[in-house]
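Structure first, commentary second.
The values are calculated or read from the model by the stated rules, or taken from the named source; none is laboratory data. All values reported here derive from a predicted model rather than from experimental measurement. Backbone-built Cβ (ideal geometry, glycine too); neighbour counts: all protein chains shown. The protein model used for the area step is the full one, side chains on, heavy atoms only, and it has no ligands, DNA or RNA in it. Shrake-Rupley method; radii C 1.70, N 1.55, O 1.52, S 1.80 Å.
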Amino acid sequence: MKIVILNGSPNKQGTTKQLCDYLFKDQNEVITYYAYDNKVKACIGCNYCFNHKNKCIYDGKDDFKKVMADVIEADLLVLASPLHFSSFSGKLLSLISRLQVYFPLKYYYKEPLPFKDKKGLSIIVGGNDYPTMFDAIKPVDRIIYNHTNAKQVKRLLFKGSDQYSFEELITKNSEFINEIKLFIKKD
């Protein structure tokens, strides 16, 4: 199974990274792209992709095509991010905004998206703990998975990472983590 992780955390040793390592330690093919390391410019809404089918004004000027080549072929796409103001981190949102290049392909040119069918998994880590903290991110990841042909989607939503150690978070969420591990393994 080819797993592609788009990691939006600026902290490469933080809870988001630890969760990904924990969940995917037994997997053979895991490719991680760190949004803060990759040079991917945000979509500027110039409509170049409407006038030049499946092309972006930034093609060849950043890392987007390289990242998308793996996302297109992934069996599991993982969006992993700390919760920043009830959404993905800014750098991950910048990368995700470039999916716009596929919108005209599907809706204007009426052609199929290049993505193979896959699963989607969002791993979102929130430092605080309040009832509505993940409400705003759910419709965003739903749109992303729709545009990347993720047919089955799960979310691992962690609350309280500022109050608890990683080990405590794993213990508090062990039942759900086991469910996610089964989802990852299931074909």
Exposure rank, largest accessible area first [E111, E168, E175; 1.4 Å]: E175, E168, E111
Per the helix-only model, the chain has a calculated mean residue ellipticity at 222 nm (DSSP H runs of ≥4, -39500 (n - 2.57) each, divided over all residues, rounded to the nearest 500) of -10000 deg cm²/dmol
Using only Cα atoms, find the angle between the long axis of helix 64-73 and the longest principal axis of the chain, and express it within 0 to 90 degrees, rounded to the nearest 10. 70 degrees
Compute the length gained on full extension between Y130 and K53: take 0.36 nm times their separation in residues and subtract their Cα-Cα distance, giving the result in nm to one decimal. 23.4 nm
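Can you give me the accessible area per residue for the chain, using a 1.4 Å probe, in Å²?
Accessible area per residue, the chain: 51 Å².
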Which of the trypsin sites (Lys or Arg not before Pro) found in segment 1-110 are loop residues per DSSP with 16 or fewer other Cβ atoms within 10 Å of their Cβ? K12, K25, K39, K41, K53, K55, K61, K110
State the percentage of accessible surface on segment 58-140 attributable to carbon and sulfur atoms; use a 1.4 Å probe and exclude ligands, DNA and RNA. 57 percent
